[in-house]
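Worksheet: the structure to be examined is printed underneath.
The values are calculated or read from the model by the stated rules, or taken from the named source; none is laboratory data. Please read all numbers here as calculations on a predicted model, not as lab measurements. Cβ atoms come from the backbone with ideal geometry, glycine included; neighbour counts cover every protein chain shown. These area figures cover heavy atoms from the full protein model, side chains too; ligands, DNA and RNA do not enter into them. Shrake-Rupley method; radii C 1.70, N 1.55, O 1.52, S 1.80 Å.
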Amino acid sequence: MLNDADLERYARQVIMPDIDEQGQHKLAAAKVLVIGAGGLGAPVILYLAAAGVGNITILDDDNVALTDLNRQIIYTMPDIGASKSRQAATAVTRLNPAITATYLDARLTSDNAETLIRAHDIIVDCSDNPETRQLAGTSCHHLKRPLVFGGAIQLEGQLSVFQSSIAGHTDTPCFCCVFPAMPDAKQAPRCSQVGILGPVTGVIGAMQALETIKLCLELGTNLTGKLVLFDGRDMRTMEIATSKNPDCPCCGQASSD
């Protein structure tokens, strides 16, 4: 049963037939790992906390810099120089002290990926480098965890959900099917090189949070097997159907032989 404080806090979503009290209990029981507490991670973390996702782990080894504040809305001036993961967890506790926020001042690596991903129900990739994205993608496939992926640069963003090893979705692509090669710096430049407008990360991060909440609630149709491309310059979105690659080294036939 939800207590009176819960009913008041979540009143605007509990009243929805798609959620109600049963759905709120599902959110409270969910365990979500957010990889990266930057431009995408900031809105993801805030929206998950506000919705009452009960257990949020924040993974980031960076410190807050002044250049982050144009888009990483979870931080303020006094946070400059401090650990992003710790300050993000503090912001979660201030927003919703009823949930548990755990922070790890670390990156996702081959040494910790299995332990971290196994301990969570849903993984949200808000990282900013291809090595982490590839590791998250392959690990989530092998460990049978949904991956909510987002990316943003300049005025553009992209979003997808990967569930390639989960029952009912094994005919859908894994991350490596859609992004098969590790891009170089020219193909995948960083925000520090080419720039980013803050609201673009807000749009993509909010959509990642929505897809995560829907997965927690088993609500509606998610973006498994689809890639959404967002063009902020002309305010357009495009949805592309993605397909499984039978020769994929992660999920293809060769990988299971």
(request) Would you please name the residue that is farthest from Q158 (Cα to Cα), looking only at residues in the range 95-138 that are in contact (Cβ under 8 Å) with a residue 12 or more places away in the chain, polar (S, T, N, Q) and open to solvent by less than 50 Å² (accessible area, probe 1.4 Å)? (result) N96
(message) Of everything in the range 164-178, what is part of a loop (DSSP other than H, G, I, E, B) and surrounded by fewer than 24 Cβ atoms within 10 Å (Cβ to Cβ)? Give them in sequence order.
(response) S165, I166, A167, G168, H169, T170, D171, T172
(message) Tell me yes or no: at least one residue of the range 182-196 is open to solvent by 20 Å² or more (accessible area, probe 1.4 Å), touching a strand residue (DSSP E or B) at 6+ places or on another chain (Cβ under 7 Å) and modelled with pLDDT of 95 or more.
(response) no
(request) Working only within the range 75-94, note down all residues that are under 21 Å from the mean Cα position of the chain (by Cα) and open to solvent by less than 70 Å² (accessible area, probe 1.4 Å). (result) Y75, S83, K84, S85, Q87, A88, A89, T90, A91, V92
